[in-house]
Amino acid sequence: MLKKITFKKEKILSNKEIFIRKNKLIQLRQKGFNFPNTFKYTKTIKTIYCLYKDHTKSDLKKINYQISIAGRIIKKRILGKASFFVIQHDNYKIQIYIKSNLFTSNYYKNYIIELDLGDIIGVKGILFKTNTLELSIYCKKIYLLTKSLRPLPDKYSGLQNKEIKYRKRYLDLLSNSNVTKIFKKRSYIISNIRSFMKKKDFLEVETPMMHPIPGGANAKPFVTYHNALNERMYLRVAPELYLKRLIVGGFDKIFEINRNFRNEGLSTRHNPEFTMMEIYMSYSHYTDMMILLEKLCRFLVKNIFNSLIIKYDKHELNFEKPIRKMTMIESILKFNKNIHISDFKNIKKTKKIAKKLNLNTKLCNSLGELIHLIFEKTTEKKIISPTFITEYPIEISPLAKKNDKFAERFEFFISGYEIANGFSELNDPEEQKKRFKIQELQKENINISKNFYYDKDYITALEHGLPPTAGLGIGIDRLIMIMTNQKNIRDVILFPILKKNII
């Protein structure tokens with residue numbers, strides 16, 4: 001016996017509308033419609049508003065401005081012998097007034113009125129203002145350019161389903177002007193970053209996205225295969241080792257805004273494909289990178305907000321005063337009243353406190369790794385004000401110079417997010433070789449999850465001489481989250497990684 005198939009009312013209505021629209025397209029094709037691409041607009045809607053929004057009704061009447069314009073129909077009102085459409089182009093909207101007596105009765109009823117929400121049209125007409133002083137186009141001719149076969153999201157409630165928002169970003173952009181603003185702001189922020197770097201005499205470079213050996217970060221790579229070379233390849237987890245090769249080659253100040261890929265978890269602050277900027281400067285120290293980053297933050301905040309004090313979530317972030325600096329241990333003690341300095345005397349005592357905090361210490365084989373684990377799990381999210389955290393354990397900093405017991409390294413936090421990571425680069429090839437070999441042993445014996453690789457060619461490059469150099473990596477997506485007041489990384493990435501389509 002066949003099971004009775006039932007559909008939600010909304011799905012039935014949607015399928016019915018698609019059927020009606022497809023039938024309309026069949027009839028249009030019979031009359032010669034073939035998605036024309038010869039229509040040219042004379043002005044964008046944005047330009048029209050910039051030029052004419054302050055003109056009076058009488059001003060526009062005197063000008064008698066003939067205009068051609070194009071956009072997507074997002075609203076439609078039929079009022080007997082007149083119709084009002086609202087069309088949208090590049091997130092700007094304008095009203096089209098269509099009077100029936102300017103067209104044949106058959107054309108008006110069977111063509112103009114039958115246009116659907118979502119259709120893309122070209123309009124020729126005269127610019128005017130209504131009695132309510134709304135800038136509008138008095139339509140003389142109308143052209144269907146693209147027939148929309150699927151209905152748009154509801155014009156009042158918009159697109160609410162998060163799954164659909166991320167999966168079908170085009171619908172999200174069409175129905176939510178705020179989303180479009182976020183992504184335009186993203187582009188503007190990145191443009192400002194490039195402008196700042198160029199003003200500081202940094203050269204923008206490009207390095208490979210496919211690597212024979214993944215390196216530059218302790219992260220699990222995506223694996224691919226090159227058929228012609230008959231070799232396994234890896235999508236880059238970081239461009240660091242290639243950029244430092246360029247410093248060896250004689251470049252002085254370089255940066256790259258790049259896509260990286262890490263085959264790890266998904267969360268509100270992690271996407272497997274993400275954007276970073278990495279910066280390298282020869283004859284410099286990690287403290288120089290702290291100064292550069294502080295200047296960059298001030299430059300961006302001032303340019304974007306015209307203020308050095310901004311809000312993120314419920315917090316006020318002040319970039320006017322110098323950015324706070326704290327060591328890793330100082331920050332743990334500040335934000336965890338139940339932890340004391342004596343807890344970090346030796347590995348046994350620190351492991352004991354970590355277990356009290358219900359932390360999994362299985363992968364920690366040194367005091368430094370334990371301290372970092374405690375910091376990650378108990379402190380990071382509590383650092384709200386812009387803060388530099390220094391004195392990172394050398395055990396978790398294999399590419400950084402060592403100073404006393406610690407790495408010459410810092411991380412930058414805002415609102416609980418790690419935004420940037422910088423250090424004085426290790427340029428001693430013997431020491432770097434030794435650290436790579438220690439990592440290989442960890443990979444083979446106890447810690448295969450970290451995917452450490454020994455890059456012999458990088459060691460060879462170091463043996464030719466890397467000048468004293470400092471490096472900095474900035475998480476662009478997280479920085480944009482702060483600058484656009486978003487809580488989920490998916491809201492600042494146009495097409496985030498999602499599970500297999502279940503819709």
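Going by average Cβ neighbours within 10 Å, how do the peptides 236-245, 386-395, 126-135 rank, with the highest at the top? Show your work: numbers first, answer last.
Numbers: 236-245: 23.2, 386-395: 20.3, 126-135: 14.0.
So the peptides 236-245, 386-395, 126-135, ranked by packing, come out 236-245, 386-395, 126-135.
Based on other C-beta atoms within 10 Å, arrange 369, 430 from fewest to most.
430, 369
Between residue 63 and residue 102, how many nm apart are label points set 7 Å from Cα along the C-beta direction?
Placing both labels 7 Å beyond Cα along the Cβ direction yields 1.7 nm.
Read phi for every residue in segment 90-100 and hand back ³J(HN,Hα) as whole Hz from Karplus 6.51 cos²θ - 1.76 cosθ + 1.60, θ = phi - 60°, with x for Gly and Pro.
Rounded to whole hertz, the list is 6, 6, 10, 10, 8, 8, 10, 9, 10, 9, 4.
If we count other beta carbons within 10 Å of each Cβ, what is the order of 42, 287, 350, fewest first? Let's see the in-between values first.
Details: 42 13, 287 16, 350 23.
The order, fewest Cβ neighbours first, is 42, 287, 350.
Karplus couplings for segment 387-392 from phi (6.51 cos²θ - 1.76 cosθ + 1.60, θ = phi - 60°), rounded to Hz, Gly and Pro as x?
These are the phi-based 3J(HN,Hα) values: 9, 8, 9, 10, 6, 7 Hz.
I need the phi-derived Karplus couplings for segment 212-229: 6.51 cos²θ - 1.76 cosθ + 1.60, θ = phi - 60°, integer Hz, Gly and Pro marked x.
The phi angles translate into x, 9, x, x, x, 6, 7, 9, 7, x, 7, 10, 9, 9, 9, 5, 5, 7 Hz.
Are any of the pairs 168/314; 46/181; 311/499; 43/93; 348/437 more than 21 Å apart by Cα-Cα distance, and if so, which? Could you put the intermediate results ahead of the total?
Values: 168/314 30 Å; 46/181 14 Å; 311/499 32 Å; 43/93 13 Å; 348/437 26 Å.
Distance filter (> 21 Å) returns 168/314; 311/499; 348/437.
For each pair in 81/141; 382/487; 220/244; 22/500; 349/402, compute the distance between the two Cα atoms and list the pairs where it is over 19 Å. Intermediate values should be presented prior to the final figure.
Details: 81/141 16 Å; 382/487 15 Å; 220/244 21 Å; 22/500 29 Å; 349/402 24 Å.
Beyond 19 Å: 220/244; 22/500; 349/402.
Do you know the relative contact order of the chain, to the nearest whole percent, from alpha carbon pairs under 8 angstrom that are 6+ apart? Numbers along the way, then the final one.
Numbers: 847 pairs, mean separation 59.6, N = 503.
The normalised contact order for the chain reaches 12 percent.
Counting residues in segment 10-152 as N, plug N into 2.2 N^0.38 Å and put the Cα Rg over that result. Write out the running numbers ahead of the final one.
On the way: Rg = 15.7 Å, N = 143, 2.2 N^0.38 = 14.5 Å.
Expressed relative to 2.2 N^0.38 Å, the Cα Rg reads 1.08.
Long-range amide H contacts for residue 145: which residues qualify at under 5 Å (H placed 1.01 Å from N, peptide plane, sequence gap of 5 or more or a different chain)?
120, 121, 122
In vacuo Debye scattering of the chain, one point per C-alpha: log10 I(q)/I(0) at q = 0.06, 0.09, 0.13 Å⁻¹?
Once normalised to I(0) and log-transformed, intensities are -0.43, -0.81, -1.23.
PRE reach from residue 204 (point 7 Å along Cα→Cβ): which of segment 245-289 fall under 17 Å by backbone N?
253-260, 275-280, by backbone N distance to the label point.
From the helices alone, meaning DSSP H stretches of at least four residues, give me the mean residue ellipticity at 222 nm for the chain, per-run term -39500 (n - 2.57), in deg cm²/dmol to the nearest 500. Write down the numbers at each step before the final one.
Working: 14 runs with 166 residues, N = 503.
Mean residue ellipticity, 222 nm, calculated: -10000 deg cm²/dmol.
Which order do 211, 285 fall in if you start with the one that has the fewest other Cβ atoms within 10 Å?
Values: 211 21, 285 16.
The most exposed by this proxy come first: 285, 211.
Specify the inter-centroid distance of segment 379-397 and segment 480-503, based on alpha-carbon positions, in whole Å.
25
Give the residue from 148, 476, 274 lying farthest towards the positive end of the charge dipole for the chain; charges sit on Cβ (+1 for Lys and Arg, -1 for Asp and Glu) and the dipole is referred to the Cα centre.
The residue sitting farthest along the positive end of the dipole is 148.
Coordinate-derived values only; no laboratory data. What you see is a predicted model; the values in this text were computed from it and never measured. Neighbour counts run over all protein chains shown; Cβ positions are idealised from the backbone, glycine included.
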